[in-house]
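Below is one structure, written out as structure tokens, with a few remarks after it.
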Amino acid sequence: MIALAVAFLSWRFAQRMHVSVERIGCDARGWWMLVGGQRHAVSWRSGSIRRYELVRLQWGFWPWQQLIVRADSFVNDEDFRRLRRALYAQI
């Protein structure tokens, strides 16, 4: 019963930590994420992964503080390639 309670509380905690990122971008001050209509400055940390079909960006210490960007999230492939090129210079 205790293990079930711990599992449920862990699941609820992970649900609360979920951040819905509306947009990411880069300007003269650096990278940012748009969350809830507000921009938050981010710096990509070690642990970020760049693959052909996806990019996983680690922006915080905790495992749930990551952003997964897939190629099919973009209108065309060139936009995704442009994002990867920009990230290769930053990470």
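The values are calculated or read from the model by the stated rules, or taken from the named source; none is laboratory data. In this text, all values refer to a predicted model and were calculated from it rather than measured experimentally. Cβ sites come from the backbone with ideal geometry, for glycine too, and all protein chains shown count toward neighbours. Just the protein is used for accessible areas: all its heavy atoms, side chains included, with ligands, DNA and RNA removed. Shrake-Rupley method; radii C 1.70, N 1.55, O 1.52, S 1.80 Å.
Mind ranking Val69, Val75 by accessible surface for me, highest first, 1.4 Å probe?
On the way: Val69 15, Val75 140 Å².
Output order, biggest surface exposure first: Val75, Val69.
Determine the dipole magnitude for the chain: charges of +1 sit on the beta-carbon of Lys and Arg, -1 on that of Asp and Glu, nothing else is charged, the reference point is the Cα centre, and the result goes in debye to the nearest 20. Mind showing how you got there, number by number?
Numbers: 14 positive and 7 negative charges, 49 e Å.
In total the dipole reaches around 240 debye.
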* To do: Calculate for the chain the 222 nm mean residue ellipticity that helices alone would give, adding -39,500 (n - 2.57) per DSSP H run of length 4 or more and normalising by residue count, nearest 500 deg cm²/dmol.
  => -11000 deg cm²/dmol
* Asked: Of all the accessible heavy-atom surface of the chain, with the other protein chains kept in place and a 1.4 Å probe, what percent is carbon and sulfur?
  -> 55
* Structure fact -> Among [x] 17, 39, 22, 15, 6, 0; [y] 14, 42, 28, 11, 4, 0; [z] 16, 45, 24, 12, 2, the entry matching P(r) over Cα pairs in 10 Å bins from 0, in percent as calculated here is [y]
* **Residue-normalised accessible area of region 21-89, given per residue in Å² at a 1.4 Å probe** => 70
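Considering only protein heavy atoms, with the full assembly of protein chains and a 1.4 angstrom probe, order Tyr88, Tyr52 by accessible area, largest first. Spell out each step's value before the answer.
On the way: Tyr88 110, Tyr52 180 Å².
Largest accessible area first, the list is Tyr52, Tyr88.
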* Structure fact -> Reported to the nearest 10 Å², Asp72 has, with a 1.4 Å probe, an accessible area equal to 130
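Can you give me the relative contact order of region 21-89 as a percent, contacts being Cα pairs under 8 Å and 6 or more apart? Spell out each step's value before the answer.
Values: 85 pairs, mean separation 11.2, N = 69.
Rounded, it is 16 percent for region 21-89.
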